[in-house]
1. Modelling each spin label as a point 7 Å along the Cα-to-Cβ direction, I'd like the S59/E306 distance in nm, to one decimal.
2. Could you tell me how far the Cα centroid of the stretch 389-415 sits from the Cα centroid of the stretch 191-223, in Å?
3. Any of K366/K388; K94/K191; K165/K223; K165/K230 with alpha carbons more than 22 Å apart? Name them for me.
4. Between R340 and N383, what length in nm is gained on full extension when 0.36 nm per residue of separation is reduced by their alpha carbon distance?
5. Using label points projected 7 Å from each Cα along Cα→Cβ, tell me how many nm separate E66 and R113, to one decimal.
6. For the chain, find the longest principal axis of its Cα atoms and tell me its angle to the long axis of helix 298-307, 0 to 90°, nearest 10.
7. How tilted is helix 75-84 with respect to the longest principal axis of the chain? Cα atoms for both, answer in degrees (0 to 90, nearest 10).
8. When the dipole is taken about the Cα centre of the chain, and only Lys, Arg (+1) and Asp, Glu (-1) are charged at their Cβ, what size is it in debye, to the nearest 20?
Amino acid sequence: MNDILPEASATWRHVENVVREVIESYGYREIRLPILERTEVFARAIGEVTDIVEKEMYSFKDRNDESLTMRPEGTAGMVRAGITNGLFHNQRQKLWTIGPMFRYEKPQKGRYRQFHQFDVEAMGYDGPDVDAELIIMCARMWEKLGLGRLSLEINTLGMPDSRAKYRDELVKYFSAVKSQLDEDSIRRLEKNPLRILDSKNPDMHELIAAAPVMIEHIDAESKTHFDGLKSILEAAEVPYTVNPRLVRGIDYYNLSVFEWVTDALGSQGAVCAGGRYDGLVEKLGGRATPAIGWAMGVERLVALYEACGGEAGVQAPDVYCVAVGDAALGRGFEVAEDLRDRIPGIKVELNLGGGSFKSQLKRADKSGAVYAVILGEDEVTRNEAGLKPLRTDEHQVDVKLDELAEVVAARISNR
């Protein structure tokens, strides 16, 4: 698990703010979800024969002997919350959330056991138009963040009937080469052969590449949906590649699936991924509700932002108040609060812990502040403050305290 230090937090906050603004510009509303859910929520939703459920979940018994799990992903909790609170009854919902997720896996670059995700979900929409909207939303994020080196891969997993037929084809194919399968693939062969296509074992890649392709077995309804998605993306000028091996690592997906991938982060190529899960609400006890969503790891997004040269700027104060002496410190609190009251968004740091004029001025410079407001005995007596520029060659000026906010506001706005 990973600490995010103040220097990094500035970048995180900038990236998160951009993503939030884009999501909400499409009419999606924020929902806040608990970190803990009953284990069955994830086991039923994600699928028993998945790496997440079998190997990666943090689960434990509480004092009532109920099995609880720290959420490994956001969609199952989002659906559970919708069912619990009646959000899907004769309604359509466009929701988003952000928060920490937990998976017990081998840490590597951009992947930690506690990680953070944005989740965006649309429930009650069954056409390819909402699939396209969620993808186009991502393209707008990349543009707003100035990100390059991203490409879109899409696929369709079909409807349940065609998926069942495809499953039979996979079982037949992999059974013929069973002696070459690894332990995980043998275990998945009967229960969920599609998971074999998601194997990360490089020794399996050649066998997987030769396996039957889902898109060749889809029904007419699935093909129409997929063609509709492609048509909208083309009209919106969002380039894509059809990747017939893209299945996603969770059982609840059907029809459209997609990933935004990059070559800028080594082997951890997926930055944002998602797809349609029309059967999940019913599977967790609600009414049948079409739905689609995506998840995006904040760690990887921040890493890509930095790899593409993005900077959030320094978290420096606009003004540092130097106050020498008890009387000056008392007025310093008043001045700092007055600046915060009268100048929206200003960052003001007041020197605390005493110190000589020289040492306080050094702290002011080190803080990165644009201006130092200087208060000493003489300034307090005259009801003035010295305003000293710290980043330019301008001269220091004396300003009446009741005019200070106006002068500071004007100078900051002109920078």
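1. Label at S59, label at E306, 3.5 nm between them.
2. Using only Cα atoms, the two centres lie 65 Å from each other.
3. K94/K191; K165/K230
4. Separation in residues times 0.36 nm, less the Cα-Cα distance, equals 13.6 nm.
5. Using points 7 Å along Cα→Cβ, the separation is 2.5 nm.
6. Approximately 70 degrees, to the nearest 10.
7. Result, in degrees: 90.
8. Result for the chain is approximately 680 debye, rounded to the nearest 20.
Coordinate-derived values only; no laboratory data. Because the structure is a prediction, the values reported are computed rather than measured. When we count neighbours, we look across all protein chains shown, and the Cβ atoms used for this are built from the backbone with ideal geometry, even at glycine.
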